[in-house]
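Worksheet: the structure to be examined is printed underneath.
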Ligand code: F0G
């Protein structure tokens, strides 16, 4: 006769296996609240929100004041993380010395622990031409600095840049590059020689903006499963290897490096498999082209590899991260995502990587640029205390229990929306749920009505903030009509901040979305009152209901 406690322990264990049943929780969160913030507004303030939305914000969620949002603010998962007590207390120990503060050296050690031994440096006390960690205040500052220096380096190369694109390129790829060459948001033609192409699975909008701004040509090579919207495919963030091979085989001289965004934010927060990363490394090695990651959500990507890729189920997250980053010659990261902080970014360039070999002066020039624009390389636009928050954040982000709850929360939010009949991108990604506006409104919706903008505006009146990432954000206006992005994207994104909301909050957003979905034939189009021709226009535009 077993002890009664044995009996119950066995039952408790079994209950935990039922965790996947919708809305039943047998295990608690692996953390508890240490600080809370009461709202200064109420969900009942519908008229006040309508007033602000129409008069102040011009229906643009970016321009709507956050303190008037009583529900979930899902505008971005960037810089919106709730920090841990360990982070806050580490920040009190920040060293605010102007040069070579203590946090910088600690960060360099943490980089090795988080990203692997290949990111270490023998001369760890040496700051100068051989630096491998470049601190910036956020991701786009990294992009701006990186592509500024890169384009300077490239201009020194006298390539036969007037040569036409090779006819041997895969036709669809060639057509996409030509479209990109013919258009530049600054009003001039991006193909002015010398022209260079930066391929990626999908560049984020600021990355793309920074590349174009330096007169380089960003090209996306998303995998076929992504374009076909394959809901049963776990790694829709992958790059199309056939297109990559074609590009490097026929235009190798025009490709200074290959980029890969993990997870693929623009394409639905979708992860990239280690098999894909390994193959990209093989192909780039074959053609002698350096390989970089946009690593904003590297830990979330590693979790998907662990859960869904053959052979990784028993591997620790840290080990998977080391394997991912072992393949790269460098990366840039907005630490506002998987750095678990509210501000910060970094570029990392491997000492003995192909990039350093190809551009030996680059690192020295990057530190010069940092000094001109951000500050001494040992703090790079951040306070010493911010660095301490980053170091602690990089320790927390690879914890199994953190990633389990983080990504399962998004999965459950997605399940709830699916239960309500809302068309979302499946499988759900690591940082957000993407609502498919083409299916939401059906075939009768006209692109130029931009109904997704009206949907986000009405949702704000309900008390929740999401943002359009689709026809308006990624498309463009050619002077007479809207041109949708290619490949076509028409999403509204609900980006879930880290450690901020509970399921109850997200489910209340799901209810508001359902109400709008059930009455979708009443959602009007919008007029664009301002900003249609601006670069990155979605941040500043103003609209009114038709
Ligand atoms: N790369 C990716 C993949 C991103 O998602 C972002 C930002 C950046 C670069 C730029 O970093 O914001 O620190 O300057 N994404 C945010 C978002 C803004 O809401 O998805 P940043």
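We did not get these values from a lab; they are worked out from the coordinates using the rules stated. In this text the structure is predicted, and so the values were computed from the model without any measurement. When we count neighbours, we look across all protein chains shown, and the Cβ atoms used for this are built from the backbone with ideal geometry, even at glycine.
How much length is gained if the chain between residue 167 and residue 11 is pulled fully straight, taking 0.36 nm per residue apart and subtracting their Cα-Cα distance, in nm to one decimal?
49.6 nm
Over what distance in Å are the Cα centres of the stretch 342-398 and the stretch 86-103 separated?
Between the Cα centres of the stretch 342-398 and the stretch 86-103 lies a distance of 16 Å.
By its C-alpha gyration tensor, with a ≥ b ≥ c as the square roots of the eigenvalues, how is the stretch 141-366 shaped: rounded for a/c under 1.5, else prolate for a/b larger than b/c, else oblate?
prolate
Say each of residue 113 and residue 448 gets a label point 7 Å from the Cα, pointing the same way as Cα to Cβ; how far apart are those two points in nm?
Each label point is offset 7 Å from its Cα along the Cβ direction, giving 5.8 nm.
I need the calculated FRET efficiency for the pair residue 98 and residue 533, taking r as the beta carbon distance and R₀ as 41 Å, to the nearest 0.05.
0.45
Which of rounded, prolate, oblate describes the stretch 320-422, given a ≥ b ≥ c as roots of the alpha-carbon gyration tensor eigenvalues and a/c under 1.5 marking rounded, otherwise prolate only if a/b is larger than b/c?
prolate
How high is the relative contact order of the stretch 451-521, in percent, counting Cα pairs under 8 Å that sit 6 or more residues apart?
31
Take 363, 29 and order them by how many other Cβ atoms sit within 10 Å, fewest up front.
Least crowded to most crowded, the residues run 29, 363.
Restricting to DSSP H runs of at least four residues, report the calculated mean residue ellipticity at 222 nm for the chain, -39500 (n - 2.57) per run over all residues, nearest 500 deg cm²/dmol.
Dividing the helical sum by the residues of the chain leaves -12000 deg cm²/dmol.
Suppose the chain between residue 488 and residue 519 were pulled fully straight at 0.36 nm per residue; how much longer would it get relative to their current alpha carbon spacing?
8.6 nm
Counting only the backbone N, which residues of the stretch 65-103 are under 16 Å from the spot 7 Å out from the Cα of residue 32 toward its beta-carbon?
85-86
Classify the stretch 274-357: rounded, prolate or oblate, from the alpha-carbon gyration tensor (a ≥ b ≥ c, eigenvalue square roots; a/c under 1.5 rounded; otherwise prolate if a/b is larger than b/c)?
Because a/c hits 1.5 or more and a/b fails to exceed b/c, the stretch 274-357 counts as oblate.
Measuring from label point to label point, each 7 Å out along Cα→Cβ, what is the residue 504 to residue 540 span in nm?
Once both label points are built, they end up 4.2 nm from each other.
Report the Cα centroid-to-centroid distance between the stretch 457-478 and the stretch 203-277 in angstrom, as an integer.
After rounding, the separation between the Cα centres reads 24 Å.
Tell me, in nm to one decimal, what length is gained between residue 420 and residue 511 on full extension, where the rule is 0.36 nm per residue of separation less the Cα-Cα distance?
31.9 nm
With a cut-off of 8 Å between alpha carbons and a minimum separation of six or more residues, what is the relative contact order of the chain in percent? Don't jump to the answer; show the numbers that get you there.
Details: 1030 pairs, mean separation 121.3, N = 546.
This gives 22 percent for the chain.
Place a point 7 Å from Cα of residue 242 in the direction of its Cβ. Which residues in the stretch 200-229 have their backbone N less than 14 Å from it?
Within reach of a label on residue 242, which here means backbone N under 14 Å from a point 7 Å along Cα→Cβ, the stretch 200-229 contributes 222-228.
What is the spread of the Cα atoms of the chain along each of their three principal axes, largest first, in whole Å?
Largest to smallest, the principal-axis extents are 70, 66, 47 Å.
For 239, 372, what ranking results if the residue with the fewest other Cβ atoms within 10 Å of its Cβ goes first?
Going from sparsest to densest Cβ surroundings: 372, 239.
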